[in-house]
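Structure first, commentary second.
The values are calculated or read from the model by the stated rules, or taken from the named source; none is laboratory data. From a predicted model like this one, the values you see are computed outputs, not experimental measurements. Backbone-built Cβ (ideal geometry, glycine too); neighbour counts: all protein chains shown. These accessible areas exclude ligands, DNA and RNA; they are computed on the full protein's heavy atoms, side chains included. Shrake-Rupley method; radii C 1.70, N 1.55, O 1.52, S 1.80 Å.
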Amino acid sequence: MDKIKLVIFDCDGVLIDSERIANIILLEILNEIGIFLTLEEVIDIFIGTSTNFCIEIIQNRFGKSPPENFATEFERRCIQAFITDLQPVQGIKDVLSTLKLAHCVASNSGRNWVGKALAKTDLLSYFSGKIFSAKEVTRSKPYPDVFLYAAEKMGFLPQECVVIEDTPTGVRAGVDAGMTKNGHTEMINPEKLREVGASVVFNDMKLLPNLLEQNQYFVNSAKSKRDI
Ligand SMILES: [Mg+2]
């Protein structure tokens, strides 16, 4: 049985508290176009979706047409809010400062954005030279490409890796990469991560060191049954 040797962190919602900010902004924009939802409902429906898919949901599920500048306006407001409000996910600094295993970050966001966000939240020193973006591979999550790319660049086999993810999209990518999947569920219903194959689901970063300790001995090497 392989032991876990590499921890691959997602960025948004796992290292930095950007998902919460982004979903509050999305709530505001939806409100402005006449869709009235609670923050929990917004998170439930939209978390982990791309902007294009978000537009499709607004059209198909709510029968509304988002303004033409929806994507740019959403991004503009997010960047503005991140500059002032972005924080690390609670407890992640303690995890990283004591983590003995090799680790890296693999995100659907661009390398530049990830670098800036980690610098803003004082986490960049833990990931120097270890930032991998889906923009460097053919397909973004939910496809496994960025996880496989990160593992290869870091010099590990997929079965030696655990991914830490906070959305069904990311967990699916971990499943298809043949890696162990730990789901962090500060914001999302844990069932949503279990449904798509998270091996372990936890809601507080303080629990992660012990889980990683256990992962070293209990590796789930089940391969995906989904077509990719
Ligand atoms: Mg995420």
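Calculate, axis by axis, the spread of Cα positions in the range 33-162 along the three principal axes, and write the results as whole Å, longest axis first.
49, 32, 24
If I compute solvent accessible area with a 1.4 Å probe over the protein chains, what percent of it on the chain is carbon and sulfur?
49 percent
Compute the acute angle (0 to 90°) between the alpha-carbon long axis of helix 18-32 and the principal axis of greatest extent of the alpha-carbon atoms of the chain; round to the nearest 10°.
20 degrees
Out of every Cα pair in the range 18-85, what percent are spaced more than 19 Å from each other?
The answer is 24 percent, as a whole percent.
What percent do you get for the relative contact order of the chain when only Cα pairs under 8 Å and 6+ apart count?
So the answer I get is 25 percent.
How big is the convex hull of the Cα atoms of the chain, per residue, in Å³?
Enclosed volume per residue, from the Cα hull, is 118 Å³.
Could you compute Rg(Cα) / (2.2 N^0.38 Å) for the range 78-125, with N its residue count?
Normalised Cα radius of gyration, the range 78-125: 1.21.
How many percent of the alpha carbon pairs in the range 92-206 exceed a separation of 17 Å?
55 percent
Which percentage, to the nearest 5, of the DSSP beta bridges contained in the chain is antiparallel?
5 percent
Treating the beta-carbon of each Lys and Arg as +1 and of each Asp and Glu as -1, no other charges, what is the dipole magnitude of the chain about its Cα centre, to the nearest 20 debye?
Dipole of the chain, to the nearest 20 debye: 680 debye.
Which whole-number value in Å² is the accessible area per residue of the chain, probe 1.4 Å?
49 Å²
Rounded to the nearest 500, what is the chain's calculated 222 nm mean residue ellipticity when only DSSP H runs of at least 4 contribute -39500 (n - 2.57) each, over all residues?
Calculated from helices alone, the mean residue ellipticity at 222 nm is -13000 deg cm²/dmol.
How high is the relative contact order of the range 18-85, given as a whole-number percent (alpha carbon pairs under 8 Å, six or more residues apart)?
Rounded, it is 37 percent for the range 18-85.
Quantify how much of the Cα-Cα distance distribution of the range 100-157 extends past 20 Å, in percent.
23 percent
For the chain, set up a GNM with springs between Cα atoms under 10 Å and report which of GLY183, GLY115, GLY34 has the largest fluctuation.
GLY34
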